[in-house]
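Visitor: Provided herewith is a single structure, encoded as structure tokens, for subsequent inquiry.
Every number here is computed from the coordinates shown, using simple stated rules; none is lab data. Quick caveat, the model's predicted, so the values are computed rather than measured. FYI the Cβ positions are ideal-geometry reconstructions off the backbone, even for glycines, and counts take in every protein chain you see.
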Amino acid sequence: MFFFSYLSLTLAAQVTYTRQDSLRGSITKERAWWDLVYYHLAVEVLPDKKAIIGSNQITYQVLTPYQIMQIDLQDPMVITNVVQEGQELSFSSEGSAHFISLLKPQISGAVASILIYYEGEPRRAKNAPWDGGLSWKKDSNGIDFIATSCQGLGASIWWPNKDHMYDEVDSMLISVEVPNTLLDVSNGQLRRVDHNRLKGTSTYHWFVSNPINNYGVNINIGDYVNWSEKYLGDGGALDVNYWVLRENEAKARTHFSEVPRMLNAFEYWFGRYPFYVDGYKLVEVPYLGMEHQSSVTYGNHYENGYLGRDLSETGWGLKFDFIIIHESAHEWFANNIIFKDQADMWIHESFAAYSESLYIEYYYGKYAGFEYCQGTRDLIANQYPIIGSYQVNSSIKDSDAYYKGANLLNMIRQIVNDDELWRKTLVNLGSYFHHKTVNSQEIETFISEVVGLDLSNIFEQYLRNVQLAKLEYYQEGTDLFYRWDQVTDAFDMPIDVIINGVSVRLYPSGEWSSYEISESADMSVKFDLNYYIELSHL
């Protein structure tokens, strides 16, 4: 998902977290003892009432015996009943956290299920996807156009689940009942459609074979038309499906030709598309778009750029449709590699933002990609550390997790100074952490190990501190003097410079160092702009 930095600069520097933030954001003892195996989410969507009636069958494996299970569902949705093996279970509630008392003894290694019934009028999205929920819209023909979006806000805004990123369900079935005049598109592959003629409804059954994060589960309802194609990629033949409003089919068929180009570029940079079994879908929705796994949503009005705007202001940002590229990149970073804690949002967003420049590079050359990446720096605020607070479901405060992180990755590439090794690093991230939840330290360590460099202090400076590394320099005679300022004590990063037409790598520290030019006192110094630093010529 994309987030504009200037929308949030008025936030207070100090954030106060509540008990509800902790219940959502931490691995409580009521969560830790059981592992998700399978969901069967069944919902009936009632457009006239803007309501949902449904159930979720949760299959789990016992890791450690315990008798209380935390399930999350946010107001104004309500749990009406919980059943296990025919027995009704009691539960208590603390805000959005519901604590179910299990009667059956929970034995280590055992696999069991509970069935949760629920209903209500879910929170309506105010400004989807940023302030999400259910979007209840109409298309230009007055037909219902409905979609979910709940990143940050949480999947529990519309269905009961274990609403924490650390534990992904292994697979799930999504059954969505809608009026016969509408279609539902959800994640994975469509298994079948049941037509309920007496009720005047149809139920669409979508099966997700791969692990999926909770906010990635979605329903999209409208007067859709569908077409498909096969993409012959690194994993064989990939089912690619497009679902758009009937009124937009003609322009969508032309505009969505970018999807195979995206897959070509990203399989080159990131390795095989992670969800060949579940396929790839691009689905039109009544908001800008989001990275729902195997069901990427789209609402960029069939324009290049971000709603027609070049975020880099270089011209390169109008060479591609921002939503198709950025949100599809999340299939690799967010849906394949997933953060365990929302504080590490950069794992999703920095790589997806960086993918934009890599897409430009793939089709227009390396220096075009560099120029695009550098051009996004005006979106960086440098007011908060990229990594937030752990175990409290902290939200990102600006777009630094996107474009400061992207510029950090681009800078590390310059330090590595080996394009093939860098590409290998990106590909290996996807294979090593395939369908895994991770923390930032794991990603940082892996990158350092693959490139053979200790990057820990660079990550520390750029992810956990606010200030940019500042390079101070001056000339005295035939010597160039330089040092790092406003950096952590152990900061250690080289810098590439062209001095009198010759490329030189300098190794500044916190103390003054010098580089001698013996031929002439006339010195031309050009620092590599791919290093995201502050320069101070004294």
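Visitor: Run the quick spin-label model on S514 and N127: label points 7 Å from Cα toward the beta carbon, then report their separation in nm to one decimal.
Guide: 5.5 nm
Visitor: Quote to one decimal, in nm, the extra length available between V277 and Y367 on full extension: 0.36 nm per residue of separation minus the C-alpha distance between them.
Guide: Stretched out fully, the V277 to Y367 stretch lengthens by 28.8 nm.
Visitor: Among residues other than K49 whose Cβ falls under 11 Å from its Cβ, what is the net charge (Lys/Arg +1, Asp/Glu -1)?
Guide: -3
Visitor: With the contact rule set at Cα under 8 Å and sequence spacing of 6 or more, what percent relative contact order holds for the stretch 275-370?
Guide: Taking the mean separation of contacting Cα pairs over the length of the stretch 275-370, I get 19 percent.
Visitor: Can you return the lysines within cross-link range of K526? Criterion is Cα-Cα under 16 Å, with same-chain partners fewer than 8 residues away left out.
Guide: Qualifying lysines at Cα under 16 Å: K470.
Visitor: Another one. Sequence neighbours fewer than 8 away in the same chain don't count; with that in mind, list the lysines whose C-alpha is under 24 Å from K29.
Guide: Answer for K29, where 24 Å is the Cα cut-off: K104, K162, K340, K436, listed by chain and number.
Visitor: Moving to a separate point now. When a/c reaches 1.5 or more, the comparison of a/b and b/c decides; with that in mind, is the stretch 116-163 rounded, prolate or oblate per its Cα gyration tensor?
Guide: It is oblate, given that a/c is not under 1.5 and a/b is not larger than b/c.
Visitor: Then there's this: Determine the calculated [θ] at 222 nm for the chain from helices alone, applying -39500 (n - 2.57) to every DSSP H run no shorter than 4 residues and normalising by the residue count; nearest 500 deg cm²/dmol.
Guide: Only helices count here, giving -6500 deg cm²/dmol.
Visitor: Here is a further query. Find the relative contact order for the stretch 226-465 and round it to a whole percent, using C-alpha pairs within less than 8 Å whose residues are 6+ positions apart.
Guide: It comes to 17 percent, rounded to a whole number.
Visitor: Return the distance in nm (one decimal) between the two label points of a simple spin-label model at S90 and A51, each offset 7 Å from Cα along Cα→Cβ.
Guide: In this crude spin-label approximation the distance works out to 2.8 nm.
Visitor: Compute the length gained on full extension between E534 and R261: take 0.36 nm times their separation in residues and subtract their Cα-Cα distance, giving the result in nm to one decimal.
Guide: 94.7 nm
Visitor: What trypsin sites (Lys or Arg not before Pro) in the stretch 107-212 are in a loop by DSSP, with at most 14 other Cβ atoms within 10 Å of the Cβ?
Guide: For trypsin sites (Lys or Arg not before Pro) across the stretch 107-212 that sit outside H, G, I, E and B with at most 14 neighbouring Cβ atoms in 10 Å, the list reads K126, R197, K199.
Visitor: In nm, give the distance between the simple-model label positions of F99 and F446, each being 7 Å from the Cα along the Cα-to-Cβ direction.
Guide: 3.6 nm
Visitor: Now for a separate question. Among (1) 75, 58, 48; (2) 167, 51, 48; (3) 91, 54, 44, which one is Cα extents along the principal axes in Å computed from these coordinates?
Guide: (3)
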